[in-house]
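Before any comments, here is the structure.
Read the figures in this text as sums done on the coordinates, not as results from a lab. Fair warning: this is a prediction, and the values are worked out from it, not measured in the lab. Backbone-built Cβ (ideal geometry, glycine too); neighbour counts: all protein chains shown.
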Amino acid sequence: MFKVKRIYEAASPQDGKRYLVDRIWPRGLTKERAGLDGWLKDLAPSHALRAFVHGDPAGWEQFESRYRQELTTPAAASLLETLRGEAASGVVTLLYAAKDERRNNAVCLKKILEDNRER
């Protein structure tokens, strides 16, 4: 099972494995307070794609499409499979720092992980 949570929210046992999926470390947060099992920078959108969506929030569908494309590299595909394996036996929480709870890379990544798992 995959969950999505803002990294500034307190960690809880219900989070299971906790992975930060942003390329940049969240401002004002210590690594100890984050309580991470890992920081998966290779699953974060590229700087150009991040800048694109911040510059034009109306382009969310295009962001999703381009992000899916970025995740087709062998390194990203391997990490996606690892996460799917972990989620098969427990909860995996994808953590993000963005203020928008509906439109952020972790929400998109969860959708990608769940879509591909059903195929």
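Brief remarks on what is shown
- Result for the chain in a Gaussian network model with C-alpha springs under 10 Å: among GLU70, GLU61, GLU32, the largest mean-square fluctuation is at GLU32.
- Leading residue at positive end of dipole, the chain (Cβ point charges), from TRP25, TYR67, PRO45: TRP25
- Overall Cα dimensions of the range 1-60, principal axis frame, Å, largest first: 36, 26, 20
- Top of PRO13, PRO26, PRO45 by mean-square fluctuation, Gaussian network on the chain, Cα under 10 Å: PRO13
- For the chain: rounded, prolate or oblate by the Cα gyration tensor [a/c cutoff 1.5]: oblate
- In the chain, the DSSP-assigned H stretches of four residues or longer account for a calculated mean residue ellipticity at 222 nm of -13500 deg cm²/dmol, using -39500 (n - 2.57) per stretch and the full residue count as denominator.
- Helices of the chain meeting both criteria, an alpha-carbon length of 24 angstrom or more along the long axis and an average Kyte-Doolittle score not below 0.0, with helices taken as full DSSP H segments, do not occur.
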